[in-house]
1. About the Cα centre, and with charges only on the beta carbon of Lys, Arg (+1) and Asp, Glu (-1), how big is the dipole of the range 9-108? Nearest 20 debye, please.
2. If each of Arg90 and Glu104 carries a label point 7 Å out from its Cα toward its Cβ, how far apart are those two points in nm?
3. Which whole-Hz couplings ³J(HN,Hα) result when phi for each residue of the range 31-36 is put into the Karplus expression 6.51 cos²θ - 1.76 cosθ + 1.60, θ = phi - 60°, listed in order with x for Gly and Pro?
4. Report ³J(HN,Hα) in whole Hz for each residue of the range 85-94, in order, from the Karplus equation J = 6.51 cos²θ - 1.76 cosθ + 1.60 where θ = phi - 60°; Gly and Pro get x.
5. Would you grab the residues whose amide H sits under 5 Å from the one on Asp89? Only those 5+ places off in sequence or on another chain, please, with H modelled 1.01 Å from N.
6. Using a 1.4 Å probe, what is the accessible area per residue for the range 19-85, in Å²?
7. Can you sort Ser37, Ser111 by 1.4 Å-probe accessible area, starting with the largest?
Amino acid sequence: MVLQTEGLVVAVCRALNVLCVATDRDALVALKNAAVSAEWELAPGATNEADAVAQIDAERPHILVVFGPFERLVGLTRERFPGMRIVTDRDAPGATVVATSLEEVRGLVKSEPRPGGPII
């Protein structure tokens, strides 16, 4: 996106934002390590549904990566944000794709096209 104001042209990039959710702090650290890349930003992450929903509202991630029994979160997120890519470690209604291991996470995140459109 390019903005022009008072004769200045400014390019605005919108980085891909990824939110990881896991069952506890150690699992979250492992999941974030599996998802991290210089190509996108990681949101702080959550270990429960309430914190995850709060971060989805605040951070507006493009991709949600959920490892653990968070089927309700996946369904709720799919209802509220039908276009969000959701990577899970199990077959859950609303999931976009299932990762069979932590090693697959980065590749499944990377397969998502870069976000575009206006910055809101």
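1. Taking the Cα centre of the range 9-108 as origin, the dipole is about 260 debye.
2. The modelled label-to-label distance comes out at 1.5 nm.
3. After applying 6.51 cos²θ - 1.76 cosθ + 1.60, I find 5, 5, 4, 6, 9, 5 Hz.
4. Coupling constants for the range 85-94: 7, 10, 9, 10, 9, 8, 6, 10, x, x Hz.
5. Amide H to amide H, under 5 Å and 5 or more residues apart or across chains, Asp89 pairs with Val66, Gly68, Ala99.
6. Computed with neighbouring chains in place, this is 48 Å² per residue.
7. Ranked list, largest accessible area first: Ser111, Ser37.
The values are calculated or read from the model by the stated rules, or taken from the named source; none is laboratory data. None of the values given here were measured: they were computed from a predicted structure. No Cβ is skipped: glycine too gets one built from the backbone with ideal geometry, and neighbour counts run over all protein chains shown. Quick note on the areas: whole protein, heavy atoms, side chains included, nothing else; ligands and nucleic acids left out. Shrake-Rupley method; radii C 1.70, N 1.55, O 1.52, S 1.80 Å.
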